[in-house]
1. How far apart, in nanometres, would the label points at Thr77 and Val94 be if each is projected 7 angstrom from Cα along the Cα-to-Cβ direction?
2. When all C-alpha to C-alpha distances in segment 29-84 are sorted into bins of 10 Å, what percent of pairs does each bin hold, rounded to whole numbers?
3. I need to check one value: relative contact order of segment 43-127, counting alpha carbon pairs closer than 8 Å and at least 6 residues apart, in percent.
4. Once label points are set 7 Å from the Cα along Cα→Cβ at both Leu126 and Gln84, what is their separation, rounded to one decimal in nm?
5. Gain in length, Leu25 to Phe51, computed as 0.36 nm per residue apart minus the alpha-carbon separation, to one decimal in nm?
6. What GluC sites (Glu not before Pro) in segment 31-104 are in a loop by DSSP, with at most 16 other Cβ atoms within 10 Å of the Cβ?
7. Please state, to two decimals, what the Cα-based radius of gyration of segment 25-127 comes to when divided by 2.2 N^0.38 Å (N = residues).
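Bear in mind these aren't lab numbers, they're just calculated from the coordinates by the rules spelled out. Because the structure is a prediction, the values reported are computed rather than measured. Ideal geometry is used to build each Cβ from the backbone, glycine not excepted, and the neighbour counts take in all protein chains shown.
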Amino acid sequence: TTGNNIIPPFTTFNTYQEALNTMPLWFMIPVACIWAPIVEEAIFRGIIRRFISNDVVFVIVSSITFGLLHTVGQEATLYLTIVQSLQYMAMGAVMAIAYVKTNNIMTNMGVHCVQNTFSTIMLSILK
């Protein structure tokens, strides 16, 4: 890779997380609490739902992909990656069920923003 990239050539999602954790709070809050929930909900609920009309299959696929994307690439064993992804899969399942029930992506985005804001505040306190 060249040094001319605007975005550093991080190799794993874990390094993206580490980079996010080192960002100043004024930058991290909009990224983690606004941008990420909007993009993630558009992808994991909005786009996936367009291709999967069966509610049960949609919840399963959406939650698994959401969980794995948040953990794949971490420098951990397969077992540890699966265990760590369970919390994200659970959150993904709750959000997918909410989308099935409401058919309103804005509700998901709002709840996701609140959840990420709470997590960001807690992580900044624990730093």
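1. Inter-label distance under the simple model: 2.9 nm.
2. Percent of pairs per bin, in order: 22, 40, 34, 4.
3. Working: 60 pairs, mean separation 24.2, N = 85.
The value is 28 percent.
4. Here the modelled spin labels are 1.3 nm apart.
5. Values: separation 26, 0.36 × 26 = 9.36 nm, distance 3.67 nm.
So the extension gain works out to 5.7 nm.
6. On the way: sites: Glu40, Glu41, Glu75; in loops: Glu75.
Sparse-neighbourhood loop GluC sites (Glu not before Pro): Glu75.
7. 1.10
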